[in-house]
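Student: Structure below; questions to follow.
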Amino acid sequence: MDSFGNSKNLSDTHIQAKSPYLDFDPAYLPKTSQPEFIFPEGASKQRGRFELAFSQIGGSCMLGAAIGGAEGFYKGLRNTTLEGQTGKLRRTQLLNHIMKHGSATASTLGTIAVMYSSFGVLLQTTRGTDDDFNTLTAATATGMLFRSTGGLKKCGLGGVVGLGIASLYVLWNKRDSLSDFGSQYNPARRISD
Amino acid sequence: MEEYAREPCPWRIVDDCGGAFTMGLIGGALFHGIKGFRNAPSGMNRRFLGMTTTIKQKSPILAGNFAVWGAMFSTIDCSLVYVRKKEDPWNSIISGAATGGILAARNGVPAMAGSALIGGILLAMIEGIGILFTRFTAEQFRPPTFQEAFEAQQQQQNAPGTSSS
């Protein structure tokens, strides 16, 4: 039977059609530690923080606008019902609530994103690498800067909050390699593989 | 700095929103910083306090306005690309005018018309400057026309002794 068998043949024998070029054992391929992609000479091997920055800022702005808009809609509904407003007045009040809360949340989240991105880009360009240390440092600095006008205590608290969120993010990103890390010291898992 | 190309269309909205927000935040921090510094009561300490307070209060608002402008502009631009099936300066000009009009929608029709006019003129100026700039920079990379190349060759043949390149 050839590898491009017709459909009747396939349905009878349940053999998948394969291209002869794909039908080989990948173990024959030479194993290299280098990544199997072609990069232009001298180019960095991943998208840096600068390319991502504007998308991140815009995304957090829009997310903030959506969250704040929903919150404003809920509060507006509650307040207008409590005050017994109806008709045109209620509609305008609702719009005002949505606009006010939406823009406030959007600008807060956007400001945090701008601070984080600029710290991240700065760290990446000064250190020349992009790793988890940059994420943690940028987040801590962002928290401290964002709360810096409220006094030393609030500044430190903001830094701690930023560090905590960034650590959770880094741990979530690293969960695969961390589970591997655990299995090295787990005798039960070691026998199975 | 790496080369920064624009995103494809639906994602361009998020990108432009972020870019406009950043521009507004940094520009607003500079502008309101200077304004707050000047308007504060005398005394260096008070001046810096006034500066930080004004920056904290006013620049996120400006940034938010910028971001809304950018997002609305990009949304209309992408819709126009989808509807008209082409990308040209008219897209930007139309979407600038439409953005100005829509964002002034709650201030009445005369305000809408004025904002739309300003938005359209602003975007037309930006597009015009872009086209002029492209034309001037393209001029120095222009390959010689056939006529010019032919004349240059003839000149070389007429005077073979004096080689000048």
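The values are calculated or read from the model by the stated rules, or taken from the named source; none is laboratory data. Nothing here was measured: the structure is a model prediction, and the numbers come from that model. Please note: Cβ atoms are built from the backbone with ideal geometry, for glycine as well, and neighbour counts cover all protein chains shown. Surface areas here come from the heavy atoms of the whole protein model, side chains and all, with no ligands, DNA or RNA. Shrake-Rupley method; radii C 1.70, N 1.55, O 1.52, S 1.80 Å.
Student: Does the stretch A:114-124 include one or more residues that are away from chain B (no Cβ under 14 Å), at pLDDT below 90, closer than 23 Å to residue B:23 by Cα and part of a helix (DSSP H, G or I)?
Tutor: Yes, some residue in the stretch A:114-124 is away from chain B (no Cβ under 14 Å), at pLDDT below 90, closer than 23 Å to residue B:23 by Cα and part of a helix (DSSP H, G or I).
Student: Something else about it: Output the residues belonging to the stretch A:118-146 that are of a type in the set (S, T, N, Q) and more than 15 Å from residue A:161 (Cβ to Cβ).
Tutor: The initial filter retains those residues of the stretch A:118-146 that are of a type in the set (S, T, N, Q), namely A:118, A:124-126, A:129, A:134-135, A:137, A:140, A:142.
Listed by number, the residues that qualify are A:118, A:124, A:125, A:126, A:129, A:134.
Student: Right, another one. Given the options B:55, B:26, B:13, B:61, name the one that is in a helix (DSSP H, G or I), within 12 Å of chain A (Cβ to nearest Cβ) and either among the acidic types (Asp, Glu) or touching a His at 6+ places or on another chain (Cβ under 7 Å) (or both). It would help to see each step written out before you state the result.
Tutor: Values: B:26 fails: either among the acidic types (Asp, Glu) or touching a His at 6+ places or on another chain (Cβ under 7 Å) (or both); B:13 fails: either among the acidic types (Asp, Glu) or touching a His at 6+ places or on another chain (Cβ under 7 Å) (or both); B:61 fails: either among the acidic types (Asp, Glu) or touching a His at 6+ places or on another chain (Cβ under 7 Å) (or both).
It is B:55.
Student: Could I ask something else about it? Here is a list: B:113, B:71. Which entry is crowded, with 17+ Cβ neighbours inside 10 Å, hydrophobic (A, V, I, L, M, F, W, C) and at pLDDT 85 or above? Quick ask: steps written out before the conclusion?
Tutor: On the way: B:113 fails: crowded, with 17+ Cβ neighbours inside 10 Å.
Step by step, each of B:113, B:71 is checked, and only B:71 is crowded, with 17+ Cβ neighbours inside 10 Å, hydrophobic (A, V, I, L, M, F, W, C) and at pLDDT 85 or above.
Student: Let me ask another. Going residue by residue through the stretch B:38-45, is there one that turns out to be surrounded by 15 or more Cβ atoms within 10 Å (Cβ to Cβ), among the polar types (S, T, N, Q) and either part of a helix (DSSP H, G or I) or within 12 Å of another protein chain (Cβ to nearest Cβ) (or both)?
Tutor: There is no residue in the stretch B:38-45 that is surrounded by 15 or more Cβ atoms within 10 Å (Cβ to Cβ), among the polar types (S, T, N, Q) and either part of a helix (DSSP H, G or I) or within 12 Å of another protein chain (Cβ to nearest Cβ) (or both).
Student: Would you tally the residues in the stretch B:116-136 being more than 30 Å from residue B:106 (Cβ to Cβ) and open to solvent by less than 50 Å² (accessible area, probe 1.4 Å)?
Tutor: Counting residues in the stretch B:116-136 that are more than 30 Å from residue B:106 (Cβ to Cβ) and open to solvent by less than 50 Å² (accessible area, probe 1.4 Å) gives 2.
Student: Tell me, please, whether a residue that is assigned to a helix (DSSP H, G or I), hydrophobic (A, V, I, L, M, F, W, C), open to solvent by 30 Å² or more (accessible area, probe 1.4 Å) and modelled with pLDDT under 90 can be found in the stretch A:162-174.
Tutor: Yes, some residue in the stretch A:162-174 is assigned to a helix (DSSP H, G or I), hydrophobic (A, V, I, L, M, F, W, C), open to solvent by 30 Å² or more (accessible area, probe 1.4 Å) and modelled with pLDDT under 90.
Student: Only one of A:104, A:43 is at pLDDT below 90 and open to solvent by 30 Å² or more (accessible area, probe 1.4 Å); which?
Tutor: A:43
Student: Given the condition out of contact with any strand residue (DSSP E or B) (no Cβ under 8 Å at 6 or more places or on another chain), open to solvent by 30 Å² or more (accessible area, probe 1.4 Å), more than 18 Å from residue A:148 (Cβ to Cβ) and modelled with pLDDT of 90 or more, answer yes or no: does some residue in the stretch B:48-64 qualify?
Tutor: Yes, the stretch B:48-64 contains a residue that is out of contact with any strand residue (DSSP E or B) (no Cβ under 8 Å at 6 or more places or on another chain), open to solvent by 30 Å² or more (accessible area, probe 1.4 Å), more than 18 Å from residue A:148 (Cβ to Cβ) and modelled with pLDDT of 90 or more.
Student: What's the number of the only condition in (1) under 14 Å from the mean Cα position of the chain (by Cα); (2) at pLDDT 85 or above; (3) open to solvent by less than 60 Å² (accessible area, probe 1.4 Å) that residue B:89 fails to meet?
Tutor: With respect to (1) under 14 Å from the mean Cα position of the chain (by Cα); (2) at pLDDT 85 or above; (3) open to solvent by less than 60 Å² (accessible area, probe 1.4 Å), residue B:89 is out only on (2).
Student: Restricted to the stretch A:123-161, and to residues that are surrounded by 14 or more Cβ atoms within 10 Å (Cβ to Cβ) and among the basic types (Lys, Arg), which residue is nearest to residue B:53 (Cα to Cα)?
Tutor: A:147
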